[in-house]
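Notes for the one structure printed next.
Bear in mind these aren't lab numbers, they're just calculated from the coordinates by the rules spelled out. If you're wondering where the values come from, they're calculated on a predicted model, not measured in any experiment. In this analysis, Cβ positions are derived from the backbone assuming ideal geometry, glycine residues included, and neighbour counts consider all displayed protein chains.
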């Protein structure tokens, strides 16, 4: 069964929070990290599937919209990974091998966009990898 557009919007919003958490883990979200996220959303997330938001825009733009809102509002990032883990368990069918690879690719690209991976980024990427393991 195909997930609803609402489920996909929620999925992309959570991804925006996760990617923000990765970018902000060192207490600074850099322009290079934002640019890298926008590039990957446009070239890889938008073509992935065709869910739409209430305005008729591709739902994958929610990644970028939520990310930018969080940057502007200096959001507390502690709940993003636990919330994403819960969503992963509840919506296993969304996490195809292609999607899991793209999530990790996006996270690593954000980290690599500015001076490589530090210890905090390594820890959060490891947590993300753990969540993305195939469920039994």
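Quick look at the values:
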quantity	calculated
Overall dimensions of the stretch 5-132 as given by Cα atoms, namely Rg and Dmax in Å	13.4, 40
Crossing angle, helix 31-40 versus the chain [Cα axis fit, 0-90 degrees, rounded to tens]	20 degrees
Helix axis angle, 5-24 relative to the chain longest principal axis, alpha carbon, degrees	10 degrees
Rough spin-label spacing in nm, given labels placed 7 Å along Cα→Cβ, for residue 6 and residue 27	4.1 nm
Sites residue 55 and residue 101 - FRET efficiency at Förster radius 30 Å, r taken between beta-carbons, to 0.05	0.55
Relative contact order for the chain, counting Cα pairs under 8 Å that sit 6 or more residues apart, in percent	37 percent
Degrees, to the nearest 10: 80-90 long Cα axis against longest axis of the chain	30 degrees
